[in-house]
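Asker: First, the structure itself, so that you have it in front of you.
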Amino acid sequence: MSEISSKYNPQSIEKKWYNFWLDNKCFHSEPDAREPYTVVIPPPNVTGVLHMGHMLNNTIQDVLVRRARMIGKNACWVPGTDHASIATEAKVVAKLKETGISKKDLTREEFLSHAWQWKEKHGGIILEQLKKLGASCDWDRTRFTMEKALYESVIEVFVDLYNKGLIYRGVRMVNWDPKAQTALSDEEVIFKEQKSHLYVLKYMIDGTDGEYIEVATTRPETIMGDTAVCVNPNDKRYTHLRGRRVIVPVVNRVVDIIFDEYVDMDFGTGALKITPAHDINDYNLGIKHKLDSINIFNDDATLNENGLQYRGLDRFECRKQIVKDLEAAGLISKIEDYVNKIGCSERTDAVIEPKLSLQWFLKMEDLSKPALEVVMNDQIKFYPSKFKNMYRHWMENVKDWCISRQLWWGQQIPAYYLSNREFVVAKTKEEAFEIAKEKYPDIVKTIDDLTQDEDVLDTWFSSWLWPVSVFDGIRYPRNREIEYYYPTNDLITAPEIIFFWVARMIIAGLEYRKQIPFRAVYFTGIVRDKLGRKMSKSLGNSPDPVKLIEQYGADGVRMGMLMASPAGNDLPFDESYCEQGRNFANKIWNAMRLIKGWTITDAAQLQTSAIAVKWINEKFNSVITEVDDDFCKYRLSEALMKIYKFIWDDFCSWYLEIIKPEYGKPIDRTTYISTLNIFSNVMQILHPFMPFLTEEVWHLLDARKDNETIMLSQMPKAKDYSQTLLDDFTLMQDIIIAVRSIRNEKNISPKVTLPLFIKGEKANDFVDKYGDIILKLANVNKPAATSKTIDEAATKLIGHFELFILLGDNINKEEEKKKIMEEIAYLEGFMASVSKKLNNENFISKAPQSVVEGEKKKYADAQEKIKLLKTQL
């Protein structure tokens, strides 16, 4: 005992054991004869630091991986980071700006050199933080989406899909991020509700004296790009305007009035300005009606030369100015408050600008069909399954994926342009040169006649290959590792990237391995604060996870995160959960110190201890059975709570109290060894949740071999157990609780010994078996069975037994009589109200039979209670 610290010190213990696991390669996996269990980490941004969402996600992954190891599987958890094109490039640009360097003044190679330097200095911080959490990743396998193997895999896939006719280049309306100055896919646009205005403008009808049509718009700054006004052909207000034209305000451009059922007659005035270059719906109408398209914005969303006198103004500054000018010209009828949803960049939060742009796209319709089928038929299972509907909706309405980004940090698109504006696609410039020479021998003479596309691929275009590319399965599809570890088992992720990542990985897996990439997807919830708000840096409501670990210990934080985190449901996080986790760790530590502090004797085992040992093992097997079932259903939070209750209630509050020797006396060796064994087993089932504490306690409970670790020990397997024994023990516990309850009600000291009699079928057998335990824990005389009702005793009905507890002079009889009379009066009133219902024919005829039976049971129960109370009286 002198060697065991009086307090659990997480910091020193966590460092000790994590280094031990690393030094002994406990996390490392190589293909062998065992069944593989594979998890690939959702790669965090290389720019990232640990936040609460990461904590939850990686704790769940670690629980599953550690458990897999302990049930004999060859667990491989692959870590890594994502190059995060937009976020990383923005940070590098900002860093350069601080030193007076502009990206515009650098060559691509110079900029990438700075980017790699930044990555080496700042990238990977989050992986080091995950180690503090206890993440048992195979760190030897750490991957990065821009490393050579993964980079080449992305290029190979691009070339393959292009050759299959699935990738094309064309001018389309895209989501333009004016801050990052790049195109985004639809999935990278977040719609936010915003208070705005609806401006009703006057468009003068050409060839009339002051006649006009009112047009409603939320974006008056785009009128310089107007090429038509559109109304619904069924709108009788405008039938007289067929064949007429209108004059666009400010620009004085004369444009047609067109008719199309797309227009909602009830929105605004029922007349819309059409700006094909800056609205996706207007763009589609423009194609249908062969309208001109006039781009009025630069890439940074300032007005270009088509913006006339507003050239150079930011779009929102232009809005303010043009509204003033329109008002001055008398061309605004009214301005109304309006709430609409504005698309914003998921990365920079900039308001998205719809823009016609020449981009690269991946055709998604045919690729998506097999990926939809494998989820809907449960070949890939979603936990919870409610997300299948969201997945189906997106997959059935999928659009082509814009995969090009106007950035330098990323996989450069392997398209090479010729002087005649043609291009060839190949893995390398050398391969492209050979193809180009053959196709265009008169134009291509040297390799320098080729110019590679400046754009890079969307970051998700590398992430979608992650389960395959981390095992180099694209470049070497028959290699030993991809054949062994793929498909992976479980993917733990957030529902907000179900389209960005989950769906696309399924598509890529089916396309390049002809197999699903994972068997199950566990969706975590959003971590929220006590007010229900999503935790974020901007709100300042998110605690620093590393500081939480320092304060409560990694195990305390892990437990705190999981206690309130059922799959797919949001986690209402409160630091008190971490405090509860720390208290639990202390409870286990103190239990271990108590046991290790006992002296041992070779005396015979007491009957009470023998019964307790038998019960705790049976109870343990019932818990393992339930926990195994919870893991099969991905109910990790529920599994943890069962283990928590077993340790806190069954093991500490009951078992140890039964077997604990009197102060200063020894414990028999049989009970002691049994206790160490069950404690060790309990640490094993708790280990995936609380790895550090369990490793330390497991080693302190018994002598272990060098390099032996709980994380590679065999997880206890459930054995058959006696439910009858468990039920009898629960009955005994309820009797003890009842006696304690009566003591509290009557203010009788726990030191006062009370006579206890038990009446009921097989009471003699029950008292013979459990009487000594009841005597010890309830401080009663040796309980006795009786066949008679005992007057002047407090009574309780527990199961099929009736208890009689003689209180003697320990209570005030007059006060007790008064309480009993009050309770009888209450119950009689309750019975009267129930009787009124049961005598009501309307209630009896209309209420479901189960409700009627429930009311009858309430009446009978109250009747029985009154009978007992009158007996007491």
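The values are calculated or read from the model by the stated rules, or taken from the named source; none is laboratory data. A quick note: this is a predicted structure, and the numbers were derived from the prediction, not measured. Virtual Cβ from ideal backbone geometry, glycine too; neighbours counted across all protein chains shown. Protein only, heavy atoms only, side chains kept; ligands, DNA and RNA dropped before computing areas. Shrake-Rupley method; radii C 1.70, N 1.55, O 1.52, S 1.80 Å.
Asker: Answer with yes or no whether I60 is touching an Asp or Glu at 6+ places or on another chain (Cβ under 6 Å) and either open to solvent by less than 60 Å² (accessible area, probe 1.4 Å) or modelled with pLDDT of 95 or more (or both).
Answerer: Considered against the rule, which asks whether it is touching an Asp or Glu at 6+ places or on another chain (Cβ under 6 Å) and either open to solvent by less than 60 Å² (accessible area, probe 1.4 Å) or modelled with pLDDT of 95 or more (or both), I60 comes out as no.
Asker: If you don't mind, another one. Based on this model, can you work out whether E761 counts as on the phi < 0 side of the Ramachandran plot and open to solvent by 10 Å² or more (accessible area, probe 1.4 Å)?
Answerer: Considered against the rule, which asks whether it is on the phi < 0 side of the Ramachandran plot and open to solvent by 10 Å² or more (accessible area, probe 1.4 Å), E761 comes out as yes.
Asker: Which residues, counting only those in the stretch 439-483, are open to solvent by 40 Å² or more (accessible area, probe 1.4 Å) and closer than 30 Å to R67 by Cβ?
Answerer: Residues satisfying the conditions are R480, E481, E483.
Asker: If the requirement is being within 24 Å of E695 (Cα to Cα), over 30 Å from the mean Cα position of the chain (by Cα), open to solvent by 50 Å² or more (accessible area, probe 1.4 Å) and of a type outside the set (A, V, I, L, M), which of these qualifies: K645, K587, K596?
Answerer: None of the others qualify; the one that does is K596.
Asker: In this structure, does F692 turn out to be crowded, with 19+ Cβ neighbours inside 10 Å, touching a residue at least 40 places away in the same chain (Cβ under 8 Å) and not in a loop (DSSP other than H, G, I, E, B)?
Answerer: Taking the combined requirement at face value, the residue satisfies it.
Asker: Quick one: count up the residues across the stretch 488-538 that are in a strand (DSSP E or B), surrounded by fewer than 23 Cβ atoms within 10 Å (Cβ to Cβ) and among the hydroxyl-bearing types (S, T, Y).
Answerer: 2
Asker: Just to verify a result, which residue in the stretch 1-15, among those that are free of Cβ contacts under 8 Å to residues at least 60 places away in the same chain and farther than 21 Å from K547 by Cβ, is most open to solvent (accessible area, probe 1.4 Å)?
Answerer: Of everything passing the filter in the stretch 1-15, E3 is most open to solvent (accessible area, probe 1.4 Å).
Asker: Taking only pairs six or more apart or across chains, which ones have beta-carbon atoms under 7 Å, a first residue in the stretch 648-677 that is free of Cβ contacts under 8 Å to residues at least 40 places away in the same chain, and a second residue that is part of a helix (DSSP H, G or I) and surrounded by 19 or more Cβ atoms within 10 Å (Cβ to Cβ)?
Answerer: D650/I616; D650/K619
Asker: Residue check: is T625 open to solvent by 30 Å² or more (accessible area, probe 1.4 Å), in a helix (DSSP H, G or I) and β-branched (V, I, T)?
Answerer: Yes, satisfied.
Asker: Looking at L313, L291, which one is over 24 Å from Q181 (Cα atoms) and either among the polar types (S, T, N, Q) or surrounded by 15 or more Cβ atoms within 10 Å (Cβ to Cβ) (or both)?
Answerer: Just a single option satisfies the conditions, and that option is L291.
Asker: Oh, and also: Looking only at the stretch 387-430, filter to residues that are over 30 Å from I280 (Cβ atoms) and open to solvent by 30 Å² or more (accessible area, probe 1.4 Å); which one of those is nearest to the chain's Cα centre (by Cα)?
Answerer: Among residues in the stretch 387-430 that are over 30 Å from I280 (Cβ atoms) and open to solvent by 30 Å² or more (accessible area, probe 1.4 Å), the one nearest to the chain's Cα centre (by Cα) is K427.
Asker: Could you please let me know if Y644 is more than 29 Å from Y577 (Cβ to Cβ), at pLDDT 95 or above, aromatic (F, W, Y) and in contact with a Phe, Trp or Tyr (Cβ under 7 Å, 6 or more places away or on another chain)?
Answerer: No.
Asker: Please work out if V254 is hydrophobic (A, V, I, L, M, F, W, C), in contact with a Lys or Arg (Cβ under 8 Å, 6 or more places away or on another chain), surrounded by fewer than 18 Cβ atoms within 10 Å (Cβ to Cβ) and touching a residue at least 12 places away in the same chain (Cβ under 8 Å).
Answerer: Answer is yes for this residue.
Asker: Let me ask another. Name every residue in the stretch 367-399 that is of a type outside the set (G, A, S), free of Cβ contacts under 8 Å to residues at least 60 places away in the same chain and out of contact with any Asp or Glu (no Cβ under 8 Å at 6 or more places or on another chain), in order of residue number.
Answerer: Listed by number, the residues that qualify are K369, E373, M376, N377, D378, K388, N389, R392, H393, E396, N397.
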